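A short worksheet on the structure shown next.
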Amino acid sequence: MQTQLESLFGNDIYETIVRTAEVNATAELSNVTKTAPMLKLLATILLTKGEKLFICATGEKTGKRYEAVKCLCSGQQIESIKTAQLSNSRVKLKLYDKSKEKNITDKGLLRIEFIYSSRGLKVARTGKTLAEFLKPDSILSLLSWYRKDYKELLIDCYWNNTDRYDLNDEYNVPVYEEMITIIYNDLVSHDGQPLSVALINKNLIEIDYELFKRACKRYYPKLNSAQKAWARVQKSGEIQVNIGVIDEFVSISKQIISG
DNA sequence: CACAAGGTGGACCTATGGAC
DNA sequence: GTCCATAGGTCCACCTTGTG
């Protein structure tokens, strides 16, 4: 790489000031259809942090109710999410469906990019010039910040790990638990009515059907009735059923963090 | 392997609400 | 009011899966 850079730009290139840098990972999902719900999950998580998101989406149509109508869409299929400079002003985040670009595989490809600002690079101590930036220490440091930022932004929020042992903070409910609670509370206030409740909470349930199953298990005293309820809702065809999205989020997160 | 727990599908019953 | 369709809760029989 060194010789290539030299031959292209001459020796002065190493004095170039590095102002931004991108760190990327591509996560492979078991199925193309999982990418869109995965992006929904990530958007939901990021929105809890009060960050602004730029979401690029196309319309999608699911549910038999929408067969009665020609044009109207039932929801959005997210293709990419960008954040503004995050509140720490060190980094921007970009998430998108890589298989949309490449169109090569039946696996889903989720691209996770962190774009570090000059402030972000300063905090990561990667030096000012390209020569300093290219040192192994700088690159390793940036990678460790990447892991740290990913953990703080997405995982800690999902699990609500504050990393602080603040005994006064008794509120320690992970986001996925809150999602289940919302659905569960609707089941309670409607005395069941699983199909109506599912439609009310379509946006959550379509992230991962497991959320609805958990809410049913919590609501019905008899496991059997819970199973019947979610089976009938699934059979109704009104709700997009995505399975195992949250599980895959957890497993790709582990891979990213452990490097 | 055996066993338990979880999941699926069929059958039955009941409550509700609309058509007449 | 009756009649009927539908949603949804329960029970049962059977299959699948994970665990020791």
Largest fluctuation, A:81, A:239, A:13 only, Gaussian network model of chain A with Cα springs under 10 angstrom, belongs to A:13
Sequence of A:125, A:111, A:65 when ordered by accessible area, the most exposed leading, probe 1.4 angstrom: A:125, A:65, A:111
As I understand it, the value is the acute angle between the Cα axis of helix A:136-150 and the longest principal axis of the Cα atoms of chain A; what does it come to in degrees, rounded to 10? 20
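Expressed as a rounded percentage, what relative contact order does the stretch A:175-246 have, with Cα pairs under 8 Å and six or more residues apart?
Details: 74 pairs, mean separation 25.3, N = 72.
That works out to 35 percent.
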Kindly express, to the nearest 10 degrees and within the range 0 to 90, the angle between helix A:223-236's C-alpha long axis and the longest C-alpha principal axis of chain A. 80
Taking chain A and dividing mean pair separation by its residue count, relative contact order in percent (alpha carbons under 8 Å, at least six apart): 20
Over chain A, with a Gaussian network built from C-alpha contacts below 10 Å, which listed residue (A:32, A:23, A:69) shows the highest mean-square fluctuation? A:69
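Where does chain A land at 222 nm, in deg cm²/dmol rounded to the nearest 500, when only DSSP H runs of n ≥ 4 count, each adding -39500 (n - 2.57), divided by all residues?
Numbers: 13 runs with 119 residues, N = 259.
Calculated from helices alone, the mean residue ellipticity at 222 nm is -13000 deg cm²/dmol.
Test of understanding: given chain A, find the longest segment containing no chymotrypsin sites (Phe, Trp or Tyr not before Pro) that are in a DSSP loop and have at most 16 other Cβ atoms within 10 Å.
In chain A, the maximal stretch lacking such sites is A:1-164.
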Please list A:222, A:135, A:70 from largest to smallest accessible area, probe radius 1.4 Å, with all protein chains kept in place. A:70, A:222, A:135
By how many degrees, 0 to 90 and rounded to 10, does the Cα axis of helix A:209-219 deviate from the longest principal axis of chain A? 50
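Among residues other than residue A:233 whose Cβ falls under 15 Å from its Cβ, what is the net charge (Lys/Arg +1, Asp/Glu -1)?
Values: positive: A:64, A:65, A:202, A:213, A:214, A:217, A:228, A:232, A:235; negative: A:186, A:206, A:208, A:210, A:238.
Overall, the nearby charge balance is +4.
Which of the residue pairs A:40/A:235; A:61/A:148; A:98/A:213; A:98/A:122; A:52/A:228 have a Cα-Cα distance greater than 32 Å in the structure shown?
Values: A:40/A:235 23 Å; A:61/A:148 37 Å; A:98/A:213 30 Å; A:98/A:122 30 Å; A:52/A:228 40 Å.
Violating the 32 Å limit, Cα to Cα: A:61/A:148; A:52/A:228.
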How about residue A:49: which aspartates and glutamates have a C-alpha closer than 15 Å to its C-alpha, ignoring those fewer than 8 places off in the same chain? A:149, A:152, A:156, A:178
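By how many nm would the segment from residue A:175 to residue A:28 grow when fully extended, if each residue of separation counts as 0.36 nm and the alpha-carbon distance is taken off? Could you put the intermediate results ahead of the total?
Working: separation 147, 0.36 × 147 = 52.92 nm, distance 2.36 nm.
So the chain would gain 50.6 nm between residue A:175 and residue A:28.
Translational D (Stokes-Einstein, µm²/s) of chain A at 37 °C and 0.692 mPa s when Rh comes from the Kirkwood sum over C-alpha pairs?
Numbers: Rh = 20.7 Å.
Taking Rh from Cα pairs, D becomes 158 µm²/s.
Can you list the GluC sites (Glu not before Pro) in the stretch A:168-252 that are in a DSSP coil and have 15 or fewer other beta carbons within 10 angstrom? If you can, show how the numbers build up before the last one.
Details: sites: A:170, A:177, A:178, A:206, A:210, A:238, A:248; in loops: A:170, A:206, A:238.
When the GluC sites (Glu not before Pro) of the stretch A:168-252 are filtered for loop state and at most 15 Cβ neighbours within 10 Å, A:170 remain.
How would A:33, A:83, A:44 line up by accessible area, probe 1.4 Å, largest first?
Numbers: A:33 90, A:83 5, A:44 40 Å².
So, going from the largest accessible area down, we get A:33, A:44, A:83.
The values are calculated or read from the model by the stated rules, or taken from the named source; none is laboratory data. Everything numeric in this text was worked out from a predicted model, so none of it was measured. Backbone-built Cβ (ideal geometry, glycine too); neighbour counts: all protein chains shown. Side chains are part of the model used for accessible areas, which takes the heavy atoms of the whole protein and leaves out ligands, DNA and RNA. Shrake-Rupley method; radii C 1.70, N 1.55, O 1.52, S 1.80 Å.
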